[in-house]
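Below is one structure; the comments refer to it alone.
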Amino acid sequence: MKSLEPLGTRLRKILQLEQRTHYQDQAVLGGLEGFIEIYARELETRRPEIAQRLRKLACGYSLKPPEARRAVVRELEDCARALETESAPLPQAPEKLDLRVPVRFAKGVGPQREKLLHKLGIFTIEDLLTYFPKRIEDRRETKKIVQLRHGDKVTVKGRVRALDVIKPRNNLEIVKVAIQDNTGILYAVWFNQPWLKSQLMPGELIALYGTVEITHGQIQMSNPVWEPAAKRFLTGRLVPVYPATEGLKPSLLYRLIQNNLALYRPALVDVIPEEIRVRHGLLQRAEAFEKIHFPQSVDEYQRAHDTLAFEELFLFQIGVALEKQQRGERLGRSLTISDARFEEFLGVLPFKLTRAQERAIAEIRADLAAPRPMNRLLQGDVGSGKTVVATVACLIAVESGYQAAFMAPTEILAQQHFRKITELLSRLSRPPRTVLLIGSLPEREKEFLRAAIRRGDIDLVIGTHALIQEDLQFKNLGLAVIDEQHRFGVIQRAQLEQKGENLDILVMSATPIPRTITLTLYGQFEISILDELPFPKNIQTFWISEDKRDQVYEFVAQQLRQGAQAYIVFPFIEESEELDVKAAVQGKEELERTALQGFRVGLLHGRMSESEKQAVMKEFVAKELDALVSTTIVEVGIDVPSATVMVIEHADRFGLAQLHQLRGRIGRAGDQSYCFAIATPRTEDAQRRLEVFQSTLDGFQIAEEDLKIRGPGDMLGVAQHGLDSTFKVADLIADLDLMKAAREEAFRLIAQNPEHPLIEEFRRRFGDKFALTRV
């Protein structure tokens, strides 16, 4: 059969011309109604239902006012799209309500819209209906123009009285429209939206929603939302605000969801068991869909949100419960240390453990002694003493006749751990045989170490990615310690775990992780928190604008003269690596010529070889340098107790957690220290980050605020964790209580029935994403 596409395309071209000529019924000779009659005759035999609909819509077109003509043209366009593909018939209820059918079968979706929906990640009817609003905006308040005050966010109705297009310069076109009601005139202004010229018609009654500005006695709205007043889709009501619409008008997306929800409502069967739903006062699933997309009140929206968020979190936690159960069923090994040996270790420490360290060590000892694999996350702020706790874990493994591996993300950090750990262990009567295995060692030395590890001659291996190389085999690896885990991908961690059977795992993080994230990403972990520092940090933090930079460096010079050491940190962003390295090099040269003239200034950046970096760090540790200019590679792990001053240049380019990590490099001996964040931020988020950074030293508070500002996916690295796309409704910041309740119910469900049918729904819904969100 000959394709209908040319017919649909021809009709759409005529309708677009009608739109451009302001619905004057001049797009085609004889008027639109006459054209549609001829067009309908061509369709009669092949698509009688569309022919009939076209005639009905076009009837009396020339007698209708422009506003009514616009509505007719919009509906005619829907028919034209339906004709553009044989597989897009006039929308009608499918024989079987299957939410998993492709979105092209959705009511109102033709090939063009299908492409746009695909850009939003909408491929099925289910994807369309679960494309939930990220919030609702209350646009119910409507005012007369005379009542408007500066700063009001309101809906206003009025007629289009005049339209002007202004081009003040290249690349800028302003559409300015005068809107009048019976009390006054409001000017609506849109920037670089030239298509509005053909959409707004003189005399038309429209509704606008936006923020009122009153300047020079003129009442104005910039880039307001607008629509014909009779529509009430986007104004005068509670309006769902969707994440993105990529070329789809919000009103069109809204209409697609509305039409298809009405059609597919019976397929939205409850997922949460009735007993659990009633216990938590949740809505039925179909009702929740209705009320999240089309709420009549804020309370309705919130209840719908809570229901659907609970459903997501409940299913996700079923996966966590299964994983935890499977780990519990795996046989591990019991690793123990005699009290005498443990007391010997405590006796050689040059400091007393904090209560938090004692608690974490007791938890780890109990885990290792149990006959199942340990899976523990050790969280602690910079300087809280995680390395000592991890050293005890390694010693327990060695005392039980097993090898231990300690993996760090950088060579500098691996070397630092090696120095610290060997220094502690060398004081014991029988120190474990400990080696450092890093990529920059000579190949012959690496081969020698690999052979010794394979034979079992080595007890503890400290290293970097070299530990997960295929050619490294352990004789009997019992424990893996992974430091700064967020720097490793899921796959890298899995590779290390495969080096031994049913390994005990200790993961360490100096980036405090908010509770909501630990329950999700680290749901399979037991958690130990070092919430106490060996000595209080005595750091004063100042956020200084760029125009006061000279005063900062005068203070730095004064501190250096008194014997202090300083870090001066420049941003480092991979995309502009060359520029950032150049900025650090130029910064060092300029400081040597000006504020820090006469002082010994070193340089550390990512383009240097490992041996060059190590040489510079040795000089800094040995106090042969007064100041170190660095890109952010200084962020993780460098320990120089005498460094008490830090200047962070362009601090607005750093994330909040990153700023906190950097600051953790100074004041490590408890001395009075100073951190200066130099920045003139250009965004609200950057300003908020600097305000929080200046106001607190508490890593957990920093983490919570960072999560609020950036969102979970961005905070943890979307590529590694897939969090942004995992949850469609649940908010990992706001929904902590829901998370706890859902977790409790999911764990109870799986304990009662490890083969529950909902496991299948968990796999269908999350599948591969679950693995990506694990840590």
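The values are calculated or read from the model by the stated rules, or taken from the named source; none is laboratory data. Here the structure is a predicted model, which is why all the values come from computation and not from measurement. All Cβ positions, glycine included, derive from the backbone under ideal geometry; neighbour counts span all protein chains shown. For accessibility, only protein heavy atoms count, side chains too; no ligands or nucleic acids. Shrake-Rupley method; radii C 1.70, N 1.55, O 1.52, S 1.80 Å.
Checking the stated criteria, Gln540 turns out to be open to solvent by 70 Å² or more (accessible area, probe 1.4 Å), outside any loop (DSSP other than H, G, I, E, B) and either modelled with pLDDT of 85 or more or within 26 Å of Glu358 (Cβ to Cβ) (or both).
Out of the residues in the stretch 659-691 that are polar (S, T, N, Q) and surrounded by fewer than 19 Cβ atoms within 10 Å (Cβ to Cβ), which is nearest to Ala627 (Cα to Cα)?
Filtering the stretch 659-691 for residues that are polar (S, T, N, Q) and surrounded by fewer than 19 Cβ atoms within 10 Å (Cβ to Cβ), the one nearest to Ala627 (Cα to Cα) comes out as Gln672.
Residues in the stretch 399-414 that are open to solvent by 40 Å² or more (accessible area, probe 1.4 Å) and within 25 Å of Arg333 (Cα to Cα): Glu399, Gly401, Tyr402.
Go through the stretch 439-463 residue by residue and tally those that are open to solvent by less than 10 Å² (accessible area, probe 1.4 Å) and closer than 16 Å to Glu411 by Cβ. Here the count works out to 3. Out of the stretch 403-440, which residues are modelled with pLDDT of 90 or more, of a type in the set (A, V, I, L, M) and assigned to a loop (DSSP other than H, G, I, E, B)? The answer is Leu428, Ile438.
Here Ala370 clears all of (1) open to solvent by 50 Å² or more (accessible area, probe 1.4 Å); (2) touching a Gly at 6+ places or on another chain (Cβ under 9 Å); (3) in contact (Cβ under 8 Å) with a residue 24 or more places away in the chain except the condition numbered (1). On the stretch given as the stretch 558-572, residues that are surrounded by fewer than 20 Cβ atoms within 10 Å (Cβ to Cβ) and within 21 Å of Ala583 (Cβ to Cβ) total 1.
Selection over the stretch 296-310 of residues that are in a helix (DSSP H, G or I) and open to solvent by 10 Å² or more (accessible area, probe 1.4 Å) gives a count of 8. The set of residues in the stretch 183-197 being loosely packed, with under 14 Cβ neighbours inside 10 Å and more than 19 Å from Arg149 (Cβ to Cβ) consists of Phe191, Asn192, Gln193, Pro194, Trp195.
Condition check for Val269 on (1) of a type in the set (A, V, I, L, M, F, W, C); (2) over 17 Å from Leu315 (Cα atoms); (3) touching a Lys or Arg at 6+ places or on another chain (Cβ under 8 Å); (4) not in a helix (DSSP H, G or I): one failure, at (2).
For the stretch 4-37: of the residues being open to solvent by less than 60 Å² (accessible area, probe 1.4 Å) and in a loop (DSSP other than H, G, I, E, B), which is modelled with the lowest pLDDT? Residue satisfying both the conditions and the ranking: Leu4.
For the stretch 589-617, the set of residues classified as surrounded by 16 or more Cβ atoms within 10 Å (Cβ to Cβ), over 34 Å from the mean Cα position of the chain (by Cα) and free of Cβ contacts under 8 Å to residues at least 24 places away in the same chain consists of Glu592, Val616, listed by residue number. In the stretch 272-295, of all residues being under 29 Å from the mean Cα position of the chain (by Cα) and part of a loop (DSSP other than H, G, I, E, B), the one that is nearest to Phe314 (Cα to Cα) corresponds to Ile272.
Pull up the stretch 200-240, narrow it to residues that are among the acidic types (Asp, Glu) and at pLDDT below 90, then point me to the one that is nearest to Pro133 (Cα to Cα).
Glu227
Of the residues Arg100, Arg55, Arg41, the single one that is assigned to a helix (DSSP H, G or I), open to solvent by 40 Å² or more (accessible area, probe 1.4 Å), at pLDDT 85 or above and touching a helix residue (DSSP H, G or I) at 6+ places or on another chain (Cβ under 8 Å) is Arg55. The number of residues in the stretch 278-294 being crowded, with 22+ Cβ neighbours inside 10 Å and touching a residue at least 60 places away in the same chain (Cβ under 8 Å) comes to 2. Of the conditions (1) under 25 Å from Asp367 (Cα atoms); (2) small (Gly, Ala, Ser); (3) within 40 Å of the chain's Cα centre (by Cα), Ala466 fails just one. Which one is it? The failed condition is (1).
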